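What follows is a single structure, written as structure tokens, with notes after it.
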Amino acid sequence: MGSRVPAIERELTALGLEHRVVEVAEPGDGARWSRACLLSGERFLVAAGGDQLVHDVVNGMFVDGAPILERPVLGVLPSGRDDEFFRQFGLPMDAERACRHLTGEGVYAIDVGLVTWTGPDAAQGSRLFVNIGEAGLGADMTARAAELPARVGRARRLVGFWTALARAKRARVHVEAARQTYDGEAYHVVVGNGRFGAGGFRVSPRSFPGDGILEVLVHHGPKAQAFTSLPKAIRGEQVPSPHIAELRGNRVRVEADPPMRVSADGRVFGWTPASFDVLPQAVLLKI
């Protein structure tokens, strides 16, 4: 995105939008700058980048699960890759064209998820997320892809998927969502605030980040089903399926034996036991 900053600034200037640019280089920089900007009195922040930058900026908007300002305003300009959160709002996937949606008064209140996971020595950690949380195969795929060199490019997702699928092991899981439960073997649990996951697949096709609900898909069929369902997931047609249990609620609990790896918004955190909660309509998305 760095090479596109001058073009974005020209577009913002042409639209009469006052702005300042802060470039981030390391994971977590987005959260630090986001928090600093809000504490200094700014209210409207724009994440010009992919899902992980959006993830960081949103995390910087909150302290101990509460927003620094009541319902801060978030704008998003897509980076050209890893823009899965952005896809579901019908906005231009070109950053310069998307600048036009930063004008006017239009906003949409979106939910934010809170994932709490288990780390070393049973210590717990937590993090906000805006799009997709996962336990099992999806988190393993993210971890495997992150280990590959950057020169592999977009193929890292595909290589990560096949590597993770080959090594995936089924676990005995207990999943709770509202008054619904699933007990049995599974290899992948999706907790969706948003719909789109890596590669533009509709990983959680019934989700929308504004209804106060997390949609849960527990994949319990044969591992080969993960491959055969890919074409359906492009269109969001993998459910209903006898190989996928569907649950929904504003709080989700996932336990697994052996523990499953946990991720959200393309970041890997820890392991189950994990919980996923909704902060309803906590951020105003500029549309």
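Count, please, the residues in region 54-100 that happen to be part of a helix (DSSP H, G or I) and among the aromatic types (Phe, Trp, Tyr).
Just the residues of region 54-100 that are part of a helix (DSSP H, G or I), to begin with: 54-60, 84-87, 95-100.
Subset that is among the aromatic types (Phe, Trp, Tyr): 85-86.
Number satisfying all stated conditions: 2.
Filter region 195-213 for residues that are small (Gly, Ala, Ser), crowded, with 20+ Cβ neighbours inside 10 Å and more than 22 Å from Leu284 (Cβ to Cβ) and give the result.
Within region 195-213, Gly197, Ala198, Ser204 qualify.
Testing Arg71 on (1) closer than 24 Å to Pro6 by Cα; (2) modelled with pLDDT under 90, one condition comes back false. Which one is that?
(1) is the only condition that Arg71 fails.
Hey, does region 243-265 have a residue that's free of Cβ contacts under 8 Å to residues at least 60 places away in the same chain and either in contact with a His (Cβ under 6 Å, 6 or more places away or on another chain) or not in a strand (DSSP E or B) (or both)?
Of all residues in region 243-265, those free of Cβ contacts under 8 Å to residues at least 60 places away in the same chain come to 243-244, 246.
Then drop every residue that is not either in contact with a His (Cβ under 6 Å, 6 or more places away or on another chain) or not in a strand (DSSP E or B) (or both), which leaves 243-244.
Yes: region 243-265 contains one or more residues that are free of Cβ contacts under 8 Å to residues at least 60 places away in the same chain and either in contact with a His (Cβ under 6 Å, 6 or more places away or on another chain) or not in a strand (DSSP E or B) (or both).
What is the one condition in (1) within 28 Å of Val216 (Cβ to Cβ); (2) among the aliphatic types (A, V, I, L, M); (3) surrounded by 14 or more Cβ atoms within 10 Å (Cβ to Cβ); (4) touching a helix residue (DSSP H, G or I) at 6+ places or on another chain (Cβ under 9 Å) that Ala146 does not satisfy?
(3)
Can you name the condition, by its number, that Ala122 falls short on among (1) over 16 Å from Phe196 (Cα atoms); (2) buried (at least 16 other Cβ atoms within 10 Å of the Cβ)?
Of (1) over 16 Å from Phe196 (Cα atoms); (2) buried (at least 16 other Cβ atoms within 10 Å of the Cβ), only one is false for Ala122: (2).
Residues to consider are Gly210, Gly221, Gly194, Gly200; find the one that is in contact with a helix residue (DSSP H, G or I) (Cβ under 6 Å, 6 or more places away or on another chain) and either without any contact (Cβ under 8 Å) to a residue 24 or more places away in the chain or in the same structural domain as Leu165 (by TED's automatic domain parsing) (or both).
On the way: Gly210 fails: in contact with a helix residue (DSSP H, G or I) (Cβ under 6 Å, 6 or more places away or on another chain); Gly221 fails: in contact with a helix residue (DSSP H, G or I) (Cβ under 6 Å, 6 or more places away or on another chain); Gly200 fails: in contact with a helix residue (DSSP H, G or I) (Cβ under 6 Å, 6 or more places away or on another chain).
None of the other options fit; the residue is Gly194.
For region 265-287: of the residues being closer than 17 Å to Arg195 by Cβ and of a type outside the set (Val, Ile, Thr), which is modelled with the highest pLDDT?
Checked region 265-287; the qualifying residue modelled with the highest pLDDT is Phe276.
The values are calculated or read from the model by the stated rules, or taken from the named source; none is laboratory data. A quick note: this is a predicted structure, and the numbers were derived from the prediction, not measured. All Cβ positions, even for glycine, are placed from backbone atoms using ideal geometry, and neighbour counts span all protein chains on display.
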